[in-house]
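Chemist: My questions all concern the structure below.
The values are calculated or read from the model by the stated rules, or taken from the named source; none is laboratory data. None of the values given here were measured: they were computed from a predicted structure. No Cβ is skipped: glycine too gets one built from the backbone with ideal geometry, and neighbour counts run over all protein chains shown.
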Amino acid sequence: MSITLTEQDKITLRIAAWGAVSLMSAAGAAGSAHKVATHGSIALTSATGLVGHVLAKAPKGKDLNGKTVAALADHVLPALTAAMTLLKKQGPAEAANFRNTVIVAIEAAAGTYQGRPSPTLADMARKITEALDAA
């Protein structure tokens, strides 16, 4: 099965995945936001398949705008659901690959802390997972 993604579809996937890492970074700002973002970004750029090719290019700064965590979440969480809906229609295997890639990225981001992640990071990871599963 061949999957065809428009440029807008690719932007949606990038906003969703890179936005999830940005949300984790913003939620972990009290710790080390840079480490959170770095570990999450490495996970995204390590993806394979169609998802890996799309996520290899990060979205432009204007695509992930938001001055607060809430504003960013209002933009990213619906994009996660939209990305999963889009991929499920075109190729369930790629939808699973996308979901797994995002989960690995947020786990990598949360794993930058000694012991358990902060309650704020854990809550953000839960919200991201719920948005992925809402499709």
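Chemist: So which residues in segment 55-84 are in contact with a Phe, Trp or Tyr (Cβ under 8 Å, 6 or more places away or on another chain) and modelled with pLDDT of 90 or more, if there are any at all?
Modeler: 55, 83, 84, listed by residue number.
Chemist: What are the residues in segment 24-58 that are hydrophobic (A, V, I, L, M, F, W, C) and either under 18 Å from residue 100 (Cβ atoms) or touching a Lys or Arg at 6+ places or on another chain (Cβ under 8 Å) (or both), if any?
Modeler: Listed by number, the residues that qualify are 24, 42, 43, 44, 47, 50, 51, 54, 55, 56, 58.
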